[in-house]
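Encoded as structure tokens, the structure appears first; notes follow it.
The values are calculated or read from the model by the stated rules, or taken from the named source; none is laboratory data. Given the structure is predicted, the values throughout are model-derived calculations rather than measurements. Quick reminder, even Gly has a Cβ in these numbers, built from the backbone with ideal geometry, and neighbours come from all protein chains shown. Side chains included, ligands, DNA and RNA excluded: accessible areas come from the protein's heavy atoms. Shrake-Rupley method; radii C 1.70, N 1.55, O 1.52, S 1.80 Å.
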Amino acid sequence: MLRETPVRRHLVVVFLMLLVSVVATYGVGSRLRLDPNVASLLPKRGEASALRQYLRAFGGTDLALVLVEGEEPALVRRAAESVADELAALPSVERAAASVALQSEKVDPTAAWRYADQPMRARLARAVSPEGMRARLATTRAMVLAPGASAHADRLVRDPLRLWALIGESTTSGSGVRVDALGRFASSDGRAHLVLVKPKGQALRGEDAQAFVSDAQTVLAAQEARFAGVSFGLTGGHAIAAATEAMLTRDLMWSSTLSLFLASLAFLIAFRRVRAVVAVMPPLFLGGLWTAGIASLWPSGLSGIAVAFMSVVIGVGVDTGVHVYAALLDARRGGASAEAAATIARRRTIRPVLVAATTGAVAFAALGLSEIRALRQLGLLCASGELLTAFAILAMTPVLGARLEREEVKARSDSWWLAPVVWLTKTRRRAVAGLVLALAPVAALAVGFVPTVADAIVAMRPTGLAPLEVQQRVYARFGGRPGQWVVLVSDHDRDEAMRRADRITARLRGMPQHVESLDSLTFWAPAEATQRARLAARDALALPDRASKLEAALVHAGFDPKRFEPALESFRKPHDGIVTIDDLQKSHVAIMVQRYLGADDDLHVAVVYVHPQPGAEHERTVERAIANVDPQARVTGYSRLDGSLRASLNADLPRVGLVAALLVLLTLGVALRRPREIGLAVLVVAAELAAVLVAIRLLQIPLHVYDALVLPVLLGITVDEAMFLLYEARRTEGSIEETLRGEGPAVITTGLTTAAGFAGLIICDFDGLRHLGMVGALGSIIGLIMALVVVPAGLRLGLAGVEDRRAA
């Protein structure tokens, strides 16, 4: 009966572990997904919050662009038209167009005033003056006499002054691309065309983005085979989201695989027995699986930075296995049977490893205070993973080890590093020198040798993605450049939001000395109030009175006025209709409207895209102009985020660092309960953090909000080494050599496995993950070195409450 209770308890534990594993497996298989949304990497402050609103309103419905390039303009044009037709037929595409014209052949040319801002209205007024009519009709006559004129005959009959052509010359696509009278987006030399595509579904919904990209790539591959010498590139929200998700998937798979390999290698070298790896890897896998199951509960998916959780959990999770298996081997060397050794190992290590896991977990959990959702997610997952992995290893590794370690375990020989480390603190003088060297980085920081905060935009927007490279080629071909500003105008009334955006556009249009390029909804779909104002300005020109002058100008140019009766009639009765946004949403212009008009919950959001002229003074002037026209308008853009991200770092780092430090200090107090030992452990992490900051400066590792917050986390995950050495020092009554001989191998192994977990992230394509891995691996190695120097030195000097006086 006495044996039934433990057996029953073990069966319950096994059943619960299996049940949790089944549930986690289901969650990972059916719910876990990666979130390519950049918004998860943004804080909720300043211009970053405005960019979050822009991404909510437009990030999921962004237009896709196909860049068509070649050396023969006519061939490139035909290829663009062919691609547009093929893409439009895809089930994953709502519409596609190689040209977007404002007017059809049947539209009255006097309606062109609807799309004319003040400078364009001045040009239109000149065009309908007697002198302007004669000048433009002379050009029209040259067009009629040119080869291929029949293709333009109907359009010229309705609009001999080519008023719509003037409007087309002022319209851009947002990339510096001018739209000709036929509405084609082409470079000035005709060797590059753009095809605009409106995919179905949401760019930030993985299956929608992947379906469109797969379909589009199939079409583009066929078109490349058909049009020799023409290349095609795909970019836009769907393409970037699909490429980002694929990159994050690769990063998660390869980084976790490398972390597992490096941690296993360190474990294997330390114990020199494959069976040790076999005893630790199954529970480590279960801990990772359970943590991934928790990750699957996030409805928005796993963000770019949070992908690091698996590598980190592997690195810190192995630590528990190191101590448990080392204790099992020590018990076997002491003569205990395999089963007894398992019990001894669990009893001996359960308190310190759970304290160590809790210390690391609370440090990770402090990231939950960050303003950035991705970092909160990373912190909570790593905290959960450390605790779950520790539980799994404590439950399984002793049992597995007992079955694997049936044979006699040989006595452990001294490691090669033992003598040099003991020598460093053999005397009090050497111990003092060691402490001075360990604390030298603190002095370096005090005199200003600190790392500089790097540009976080690079870490947030991954480089090397094919769609982003296509985007750069679009800039190169059409004269645009990165650094575009986004001016957001939000209102509960859609037309009011559009009207306010029109006013901002009109103001900026009159500042060419400060504004390099401008792209707005008003070029395609002005607000109804804006249209009425522009048509009123047209009516002030008295076009009906100018019909006779147009007729005379036609005769003067050698045309038969009767042939141009539609144009004359339009002057006699100017078009006065207002085009609503709902009408345009049903027309061929709808594909452009969706670039400028979105929705954020119950708010309508209209945007104006602006490129100020290079220089801080131009930027300040543009900002003031926008604020004067519409104080409620918000200006954002990736180029403007650095200030917000730095502010977020300044807010997060002290808050997260203070909470992490207090929680770690509280955990150390509960675990060690001796003020001097607690003080010595704090001295270790203080020296470590100072050394890490100096090393970051020397190695020029980019430090930004996504990797700097690893620094306070290091408080919890590297203090373990000092804590275990201090535990061992109690057992050896302060003997430095015996402390290092007994616990040193395990401490070195845990330090190396933690570093291995972070090191796996260094191969990631996502810059934020790679930098995080660099800082974490560097901190783990430096933390190990500091523990091996500061703790023995403290023991030699009696800082831990006991002094080793057995100096040579």
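Gly734 meets the conditions (1) modelled with pLDDT of 85 or more; (2) open to solvent by less than 10 Å² (accessible area, probe 1.4 Å) in every case but one. The failed one is (1).
Here Arg507, Arg494, Arg538, Arg532 are screened, and the one residue that is buried (at least 22 other Cβ atoms within 10 Å of the Cβ) and either closer than 26 Å to Asp600 by Cβ or at pLDDT 90 or above (or both) is Arg538.
Restricting the first member to segment 410-439 and to residues that are of a type in the set (Val, Ile, Thr), and the second to residues that are loosely packed, with under 14 Cβ neighbours inside 10 Å, the beta-carbon pairs closer than 9 Å and six or more apart or on different chains are Thr427/Ala807; Thr427/Ala808.
Residues in segment 408-458 that are surrounded by 16 or more Cβ atoms within 10 Å (Cβ to Cβ), basic (Lys, Arg) and at pLDDT 90 or above: Arg430 alone. Per the listing Ala165, Ala203, Ala181, Ala151, the residue uniquely closer than 20 Å to Phe564 by Cβ, in contact with a Phe, Trp or Tyr (Cβ under 9 Å, 6 or more places away or on another chain) and at pLDDT below 90 is Ala181. Name the residues in segment 588-620 that are of a type in the set (A, V, I, L, M, F, W, C) and open to solvent by 10 Å² or more (accessible area, probe 1.4 Å), would you? Result: Leu597, Ala599, Leu603, Ala616. Restricting attention to segment 464-491 and to residues that are surrounded by fewer than 19 Cβ atoms within 10 Å (Cβ to Cβ) and small (Gly, Ala, Ser), the residue that is modelled with the highest pLDDT turns out to be Ala466. Counting only helices (runs of 4 or more DSSP H) that sit completely within segment 355-463, those holding 3 or more residues that are closer than 30 Å to Leu663 by Cα and out of contact with any Leu (no Cβ under 9 Å at 6 or more places or on another chain) correspond to 373-404, 428-446. Tallying residues that are assigned to a loop (DSSP other than H, G, I, E, B), farther than 30 Å from Leu87 by Cβ and among the hydrophobic types (A, V, I, L, M, F, W, C) within segment 558-592 yields 2.
Quick grid of which residues meet (1) among the aliphatic types (A, V, I, L, M); (2) crowded, with 22+ Cβ neighbours inside 10 Å; (3) more than 30 Å from Arg507 (Cα to Cα); (4) over 26 Å from the mean Cα position of the chain (by Cα):
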{"position": "Thr636", "(1), (2), (3), (4)": "no, yes, no, no"}
{"position": "Gly669", "(1), (2), (3), (4)": "no, no, yes, yes"}
{"position": "Ala691", "(1), (2), (3), (4)": "yes, yes, yes, yes"}
{"position": "Arg697", "(1), (2), (3), (4)": "no, no, yes, no"}
{"position": "Asp720", "(1), (2), (3), (4)": "no, yes, yes, yes"}
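Applying the set (1) at pLDDT 80 or above; (2) among the basic types (Lys, Arg); (3) within 28 Å of His771 (Cβ to Cβ) to Arg461 leaves exactly one unmet item: (1).
The set of residues in segment 725-755 that are under 29 Å from Leu258 (Cα atoms) and either outside any helix (DSSP H, G or I) or among the acidic types (Asp, Glu) (or both) contains only Glu743.
Among the residues of segment 326-353, those identified as closer than 19 Å to Gly744 by Cα and either within 47 Å of the chain's Cα centre (by Cα) or of a type in the set (Asp, Glu) (or both) are Ala326, Ala327, Leu328, Leu329, Asp330, Ala345, Arg348, Thr349, Ile350, Arg351, Pro352, Val353.
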